[in-house]
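Chemist: Structure below; questions to follow.
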Amino acid sequence: MRPTPVLLDCDPGIDDALAIAYLVAEHLAGRIRLVGVVCTAGNVGLADTVANALAWLDLAGAPPVPVCAGAAGAIAVPHVFTPETHGPRGAGHAVLETTTTRCVDPRGGAQFWVDAARAHPGELVAIVTGPSSTLARALEREPALPGLVADLTVMGGTFRGHPGNTTPVSEWNVDVDPEAADAVCLAWEAARSADAELAAPLWCGLNLTERAVWTPERSQRLLAASDSPLARQLTAALRFYFEFHDSVGEGYLAQVHDPFVAWLALHPEMVITEDSHIRVECSGEHTRGMTVEDRRGHRGRAGNARIATGVRVSGGPEAVLDEVFAAIVSLR
Ligand code: BDR
Ligand code: CA
């Protein structure tokens with residue numbers, strides 16, 4: 001059987017870096033084929049997310065996968081950067097070298113989404129761990145995209161009354177570009193009204209991803225297991241993420257949403273989900289960026305989302321991170 005083609009759209013980002021390393025490990029183990037990495041402006045600007053993705057791919061020993069620059073900002077509003085979360089360049093305390101061997105694919109992120117989906121119709125597993133800004137632009141170029149992608153997994157939003165991490169009701173990836181996230185909701189709603197067999201995107205919000213906690217003890221174990229430059233830089237980056245979480249009252253630890261979500265995308269049978277319909281609030285003074293779920297069918301629309309509510313893994317999210325950890329340790 002051919003390994004599943006996987007596209008990662010990310011905004012590295014410290015936990016994005018763990019997702020990149022995890023997916024490279026899965027690729028090298030022959031379990032997936034990482035067909036490309038799209039970089040979107042996120043907590044830091046596009047130039048930094050691209051440079052960071054290239055550097056983390058180098059450190060992870062990735063084969064020459066295409067890396068594409070996607071959207072440089074949000075659709076409707078000036079982009080908000082948050083250097084306090086991932087560091088001024090998006091890599092915390094890591095010192096990343098400029099790649100000497102990789103080039104940026106000239107197509108651009110939105111076109112790469114379209115090309116990858118057309119090249120693998122009904123097969124591509126797509127993972128978004130940053131704002132949906134590039135995906136929204138890809139949907140403008142190819143409205144048939146939802147029918148071409150086999151599975152879309154998004155780290156975004158917060159559900160079931162779980163509080164936001166950016167406003168009381170919003171999660172950062174959605175909050176920074178709500179119009180883009182809502183475009184994703186609308187695109188899959190339209191596609192599923194025409195073909196109910198299409199898989200609805202898996203939305204992994206803070207209600208679940210905040211349970212994926214990387215501790216300093218896990219970083220120590222990573223360094224003990226692997227004295228590689230990758231392990232050293234990842235743990236340096238994570239140290240900044242611990243400090244950030246500590247500064248906002250979460251304790252000296254890090255919620256590592258993105259590698260956790262990458263694992264969920266590769267193990268859909270292990271995710272507990274509920275079918276739902278979601279829209280993103282784009283105008284409310286106090287609610288902009290909120291992912292608003294219609295659990296009672298008030299809107300009378302075709303379902304456009306599967307909400308991740310848990311994992312079918314004994315040991316829960318901690319055991320999932322054990323698997324992510326083992327994959328990263330396998331990279332020498
Ligand atoms: C999301 O926001 C970013 O800071 C993280 O990388 C993650 O993708 C969590 O809200
Ligand atoms: Ca991210």
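Chemist: What do you reckon, how do Asp246, Asp16 stack up by accessible area (1.4 Å probe), largest on top? Walk me through the numbers on the way to the answer.
Modeler: Numbers: Asp246 80, Asp16 0 Å².
Sorted by accessible area, descending: Asp246, Asp16.
Chemist: Then there is this: With 10 Å bins from zero, work out the P(r) of segment 162-223 over every alpha carbon pair and list the percent per bin.
Modeler: Cα pair-distance distribution for segment 162-223, in percent: 18, 32, 29, 15, 6, 0.
Chemist: Could you rank Arg332, Arg102, Arg137 by how accessible they are, 1.4 Å probe, largest area first?
Modeler: Putting Arg332, Arg102, Arg137 in descending order of accessible area: Arg332, Arg137, Arg102.
Chemist: How far, in degrees from 0 to 90, does helix 316-329 lean away from the longest principal axis of the Cα atoms of the chain, to the nearest 10?
Modeler: 50 degrees
Chemist: Give the ranking of Thr167, Thr158 by solvent-accessible surface, highest area first, calculated with a 1.4 Å probe. Don't jump to the answer; show the numbers that get you there.
Modeler: On the way: Thr167 45, Thr158 10 Å².
Largest accessible area first, the list is Thr167, Thr158.
Chemist: Ok, one more. Rank Gly108, Gly297, Gly122 by mean-square fluctuation in a GNM of the chain with C-alpha springs under 10 angstrom and give only the top-ranked residue.
Modeler: In the Gaussian network model the winner is Gly297.
Chemist: State the extension gain, in nm to one decimal, for the chain segment bounded by Thr309 and Leu186, taking 0.36 nm per residue of separation less the distance between their alpha-carbons. Kindly include the intermediate steps, with their values, before the conclusion.
Modeler: On the way: separation 123, 0.36 × 123 = 44.28 nm, distance 2.18 nm.
Fully extending the segment from Thr309 to Leu186 adds 42.1 nm.
Chemist: Related question: If you average 1/r over all unlike Cα pairs in segment 64-120 and invert the result, what Kirkwood radius do you get in angstrom? Numbers along the way, then the final one.
Modeler: Working: mean 1/r = 0.0713 Å⁻¹.
Kirkwood radius, segment 64-120: 14.0 Å.
Chemist: Quick one: Kirkwood hydrodynamic radius for the chain, alpha-carbon pairs, angstrom, one decimal?
Modeler: Numbers: mean 1/r = 0.0517 Å⁻¹.
Across the chain, the inverse of the average 1/r is 19.4 Å.
Chemist: On a 0 to 90 degree scale, rounded to 10, what angle separates helix 178-194 from the longest Cα axis of the chain?
Modeler: 60 degrees
Chemist: Right, something else. Counting only protein heavy atoms, what percent of the accessible surface of the chain is carbon or sulfur at a 1.4 Å probe?
Modeler: Values: 6810 of 12850 Å².
Whole-percent figure for carbon plus sulfur exposure: 53.
Chemist: Moving on. Could you work out the helix-only [θ] at 222 nm for the chain, with each DSSP H run of four or more residues adding -39,500 (n - 2.57) and the total divided by the number of residues, to the nearest 500 deg cm²/dmol?
Modeler: Details: 13 runs with 136 residues, N = 332.
Result for the chain: -12000 deg cm²/dmol, rounded to the nearest 500.
Chemist: Now, a different point. Any chance you could tell me what percent of the C-alpha pair distances in segment 208-332 go past 27 Å? Provide the component values of the computation, followed by the final result.
Modeler: Details: 2660 of 7750 pairs.
Of the Cα pairs, 34 percent sit more than 27 Å apart.
Chemist: Give the angle, between 0 and 90 degrees and rounded to the nearest 10, that separates the Cα long axis of helix 229-247 from the longest principal axis of the Cα atoms of the chain.
Modeler: Approximately 60 degrees, to the nearest 10.
Chemist: What distance in nm lies between label points placed 7 Å from Cα along the C-beta direction at Met270 and Ser283?
Modeler: 4.3 nm
Chemist: All other residues with a Cβ under 13 Å from the Cβ of Gln220 taken together, and with Lys, Arg as +1 and Asp, Glu as -1, what is their net charge?
Modeler: Values: positive: Arg218, Arg221, Arg232, Arg239; negative: Glu217, Asp227.
That works out to +2.
Chemist: Along the Cα→Cβ direction, 7 angstrom out, place labels at Glu97 and Ala47. What is the inter-label distance in nm?
Modeler: 2.2 nm
Chemist: Here is a further query. Find the centroid of the Cα atoms in segment 153-205 and in segment 1-74, then give the distance between the two in whole Å.
Modeler: Using only Cα atoms to place each centre, the spacing works out to 21 Å.
Chemist: Quick check: pseudo-label points 7 Å beyond the Cα along Cα→Cβ at Ala144 and Ser330, how many nm apart are they?
Modeler: Modelled inter-label distance: 3.6 nm.
Chemist: Out of all DSSP beta bridges with both ends in the chain, state the antiparallel percent to the nearest 5. Spell out each step's value before the answer.
Modeler: On the way: 13 of 38 bridges.
Expressed as a percentage, antiparallel bridges in the chain total about 35.
Chemist: Also, quick follow-up: So, counting K/R as plus one and D/E as minus one, what does the shell of residues with Cβ under 11 Å around Leu198 add up to? The partial results should precede the final answer.
Modeler: Details: positive: Arg192; negative: Asp151, Glu189, Asp195, Glu197.
Net charge around Leu198: -3.
Chemist: I'd like to check one number: the per residue accessible area of the chain, probe 1.4 Å, reported in Å² as a whole number. Don't skip to the end; give the middle numbers.
Modeler: On the way: 12850 Å² over 332 residues.
The answer is 39 Å² per residue.
Chemist: If you don't mind, there's one more thing I want to ask. Would you kindly state how much longer the chain becomes between Asp195 and Asp322 on full extension, computed as 0.36 nm times their sequence separation minus their alpha carbon distance, in nm to one decimal?
Modeler: Numbers: separation 127, 0.36 × 127 = 45.72 nm, distance 3.76 nm.
Taking Asp195 through Asp322 to full extension adds about 42.0 nm, to one decimal.
Chemist: Find, among the GluC sites (Glu not before Pro) in segment 196-252, those assigned to loop by DSSP (not H, G, I, E, B) with at most 10 other beta-carbon atoms within 10 angstrom. Write out the running numbers ahead of the final one.
Modeler: Values: sites: Glu197, Glu210, Glu217, Glu243, Glu250; in loops: Glu197, Glu210, Glu250.
Loop-located and lightly packed - Glu197.
The values are calculated or read from the model by the stated rules, or taken from the named source; none is laboratory data. Here the structure is a predicted model, which means the values were calculated and not measured. Note that each Cβ is placed from the backbone with ideal geometry, even for glycine, and that neighbours are counted across all protein chains shown. To get the accessible areas, we keep the full protein, side chains included, count just its heavy atoms, and leave off ligands, DNA and RNA. Shrake-Rupley method; radii C 1.70, N 1.55, O 1.52, S 1.80 Å.
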